[in-house]
Amino acid sequence: MATGLRFTLILLIAGLLQATVLAEFRFLGVSVELLLLVTVLVAFHGGPERGAWVGLAASLIQDALTGAPFGIHALIYAPLALAVSSLEDRTVGASPALNGLGLALVVASGSALVSIVGLLFGQIAISFETLSERALLAGLLTALIAKPVNEFIRWSVDGVVAGEIELRNPQNI
């Protein structure tokens, strides 16, 4: 399966989950930022170009789901993907706990930046205290589901399922 088709499939599934299941499961008014998580993980595993393209597509899906003007999320998702892809080399060999904490902070900062852009354009009216609390909570909730999503993203980037067995070529026997 071509990489572009895999990314399209992942984005469609993430958009559907964001709009249906995850919209219903909120904790203190905050839900998981699945499309932002997909953007961050693709940028981490696939590099800056893939991350930016997936970030652009994910942000437009997020804009369609939330009713925000098209492009508000794109102002944050694509640059955030570029920033995350530059961190990938620096975090090689880091512990899973440190990676999880970093992921939570990246998602929290992305969520906060999107809210700040919404404030600047008059889309939402929220205090900075509430904004920071919700952003941190969104980062923590999103980090909780990151492990299974990470496996799908690695598959979409590499095209290899973990534990895949290579069979011997019958001609070489």
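The values are calculated or read from the model by the stated rules, or taken from the named source; none is laboratory data. Keep in mind the model is a prediction, meaning the values are calculated, not measured. So basically every Cβ, Gly included, is an ideal-geometry build from the backbone, and we count neighbours across all protein chains shown.
So here's what we get for this one:
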read-out	value
Count of residues meeting criterion [closer than 14 Å to residue 105 by Cα and within 18 Å of the chain's Cα centre (by Cα)] in region 115-143	10
Matching residues in region 14-28 - criterion: being surrounded by 14 or more Cβ atoms within 10 Å (Cβ to Cβ) and among the hydrophobic types (A, V, I, L, M, F, W, C)	14, 16, 17, 19, 22
Every pair of residues 6+ apart whose Cβ atoms lie under 9 Å, when the first sits in region 69-89 and is under 19 Å from residue 100 (Cβ atoms) and of a type in the set (Gly, Ala, Ser) while the second is at pLDDT below 85 and outside any helix (DSSP H, G or I)	85/47
